[in-house]
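Notes for the one structure printed next.
The values are calculated or read from the model by the stated rules, or taken from the named source; none is laboratory data. Everything numeric here is computed off the predicted structure, so don't read it as measured data. Note: ideal-geometry Cβ built from the backbone for every residue, glycine included; neighbour counts use all protein chains shown.
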Amino acid sequence: MSFREKIHWIALVGLLSAFGWYFLNYPWEIANSPKGMYTAVWMLLPVTIIFLVPMIAGAAFFAIRSPKEADLKEDEREKGIHLRGTHLAYYPLAIGVQLNIFVLINGFNYGYAVTILIATLVIAELIRVGSQLYYYRRGY
Amino acid sequence: MPNSFAWDRSYIIIGVATDPMAQTPFTNDIRTLRFLAGEMTQGDLGDKVGVTRQTIAAIEQGKYSPSLEVAFRIAHVFGKPLEEVFQWQRD
């Protein structure tokens, strides 16, 4: 398994843990109020920590274990995998933005809008990282 | 073959290679040439060509078609013309 693939696995686990915690603990009963919006924004602080700490620790661990691989630039196959994943992530991003416009028009504001935007980003990231891992596993 | 028509359609609609084995229309003799070149490892060849070991493995297994530049670089490492290293499997 290449260094970049390992980093992708850490990112996938980090995303699931951090945003899993967020969506399970968000107080949905106050979502459609200003307090709901501020809560959503403040909850991003622990989310960032839950996501970044294992990411940095994992990257450092694997970089120390295989420094030569960590220094390598992306080659053409990895660039292709990167582009394919980014391309696939565009679709949920576009759908999420449209969904957000729809809920705003229909009176769901504050925490709902922030949470749907966060969910859009998370789903797009999960599809990007997940598809890239699929291509890494498959070869291309 | 009736199945090949359905396969081609699914390939076009989904837009990504849907073949579970992801085989390319190329075969190659890289593994043999590495062996003949003093049992060169995939990592050594990758270093010489400028790609990762995993990319050499994917090329060898026919899962990834390299760019023309990388294909020429691989052939150059073994001192062979391109067509002695890579063979195109015409339909």
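Kindly indicate which of A:H82, A:H87 is within 14 Å of chain B (Cβ to nearest Cβ), farther than 17 Å from A:A11 by Cα and not charged (D, E, K, R).
The conditions single out A:H87.
What residue, of A:L24, A:L52, A:L45, A:L88, is surrounded by 14 or more Cβ atoms within 10 Å (Cβ to Cβ), assigned to a helix (DSSP H, G or I) and not aromatic (F, W, Y)?
Only one candidate passes the filter, namely A:L88.
Tell me whether region B:41-53 contains one or more residues that are of a type in the set (S, T, Y) and at pLDDT below 90.
no
Output yes when any residue across region A:61-80 is among the β-branched types (V, I, T) and surrounded by fewer than 19 Cβ atoms within 10 Å (Cβ to Cβ), and no when none is.
yes
Can you say whether A:G107 is over 30 Å from B:I59 (Cβ atoms), in a helix (DSSP H, G or I) and not hydroxyl-bearing (S, T, Y), as far as the supplied structure shows?
Here the answer is no, as A:G107 does not meet what is asked.
Spot the failing condition for B:R90; the list is (1) assigned to a helix (DSSP H, G or I); (2) modelled with pLDDT under 95; (3) over 25 Å from A:S131 (Cβ atoms), and only one is missed.
Of the numbered conditions (1) assigned to a helix (DSSP H, G or I); (2) modelled with pLDDT under 95; (3) over 25 Å from A:S131 (Cβ atoms), the odd one out for B:R90 is (1).
Name the single residue, out of those in region B:43-70 being surrounded by fewer than 19 Cβ atoms within 10 Å (Cβ to Cβ) and more than 11 Å from every other protein chain (Cβ to nearest Cβ), that is nearest to A:E76 (Cα to Cα).
Ranking the candidates gives B:K48 first.
Yes or no, residue by residue, for (1) within 17 Å of A:A18 (Cβ to Cβ); (2) of a type in the set (D, E); (3) in contact with a Cys (Cβ under 8 Å, 6 or more places away or on another chain); (4) within 14 Å of chain B (Cβ to nearest Cβ):
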position	(1), (2), (3), (4)
A:W28	no, no, no, no
A:V53	yes, no, no, no
A:L72	no, no, no, yes
A:I95	no, no, no, no
A:F102	no, no, no, no
A:V114	yes, no, no, no
A:V129	yes, no, no, no
